[in-house]
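What follows is a single structure, written as structure tokens, with notes after it.
The values are calculated or read from the model by the stated rules, or taken from the named source; none is laboratory data. The structure presented is a predicted model; accordingly, all values stated were derived computationally and were not measured. Cβ placement follows ideal geometry from the backbone for every residue including glycine, while neighbour counts extend to all protein chains displayed.
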Amino acid sequence: MQNQLKNYIPTNSFSQVLKLLEHDNLSVKIKSERKTRHGDYRRLPHGKHQITINSNLNQYRFLITLIHEVAHFGAYNKYGRFIKPHGIEWKKTFQHLMLPFLNPNIFPNDLLPLLAKHFKNPKASSDSDVKLALALKQYDVPNDKTYIFEVPLGSEFKLYNGKIFKMGEKRVKRFECIEVASGRIYLFNPNTEVELI
């Protein structure tokens, strides 16, 4: 697993990551892409713990996701199992674990101010921080998708699951779109990637 991880994270983060994973009861598995999550943490039977991370993430998002999940493991070990998944205990643990990685030897200079701001109060998903999510996507492999904030008003677009929507107005932060088949209204974050029809 250690040699495999080398291919997914920034080179200068590797030795620090290995130290965080030095637990007999913790395993990391790399999975194929899941649309609804970048990674997850699970407490398994017999005192074992497992982290899974999507293989399609760029090296910076992979590292952030890995530390996010290690923070779940750390918070569980320190505070027990009756804490909220993304509560104050997890946030403190995540901040503490992430701090040594927030330097220009690991992350590009354009990401560091956004990461510093994000980690003042980390969210359950880095995708909910739109500026950070858009900046991280600049390091993804190019694809034929369009950001929803670029879709013209009234145009139709398709999601990964095949559902078709019509673009509506922007509310405060999110875009109101109508599902064509049902007429139901959905709200989308600006950094949602869609396929124009």
Item to check | Identity of the residue in segment 1-13, more than 19 Å from the chain's Cα centre (by Cα) and part of a helix (DSSP H, G or I), that ends up surrounded by the most Cβ atoms within 10 Å (Cβ to Cβ) | outcome: ASN12
Next on the checklist: Whether any residue in segment 24-45 is of a type in the set (A, V, I, L, M, F, W, C), loosely packed, with under 14 Cβ neighbours inside 10 Å and more than 19 Å from ASP127 (Cβ to Cβ) is what I want to check.
Outcome noted: yes
Next on the checklist: Just checking, does segment 39-46 include any residue being in a loop (DSSP other than H, G, I, E, B) and over 15 Å from the mean Cα position of the chain (by Cα)?
Outcome noted: yes
Checklist entry - Could you say whether any residue in segment 161-182 is touching a residue at least 60 places away in the same chain (Cβ under 8 Å) and loosely packed, with under 14 Cβ neighbours inside 10 Å? => result yes
Item to check | helices (runs of 4 or more DSSP H) contained entirely in segment 74-158, each with at least 2 residues that are surrounded by 12 or more Cβ atoms within 10 Å (Cβ to Cβ) and at pLDDT below 95 | outcome: 130-137
Checklist entry - Just for segment 63-73: of the residues that are closer than 15 Å to LYS137 by Cα and out of contact with any strand residue (DSSP E or B) (no Cβ under 6 Å at 6 or more places or on another chain), which one is surrounded by the most Cβ atoms within 10 Å (Cβ to Cβ)? => result ILE64
Item to check | In segment 139-167, the residues that are within 23 Å of the chain's Cα centre (by Cα) and of a type in the set (Ser, Thr, Tyr) | outcome: TYR139, THR146, TYR147, TYR160
Checklist outcome for this item: Note: among THR65, THR36, just one is assigned by TED's automatic domain parsing to the domain that holds ASP129 and either among the small types (Gly, Ala, Ser) or at pLDDT 95 or above (or both), namely THR65
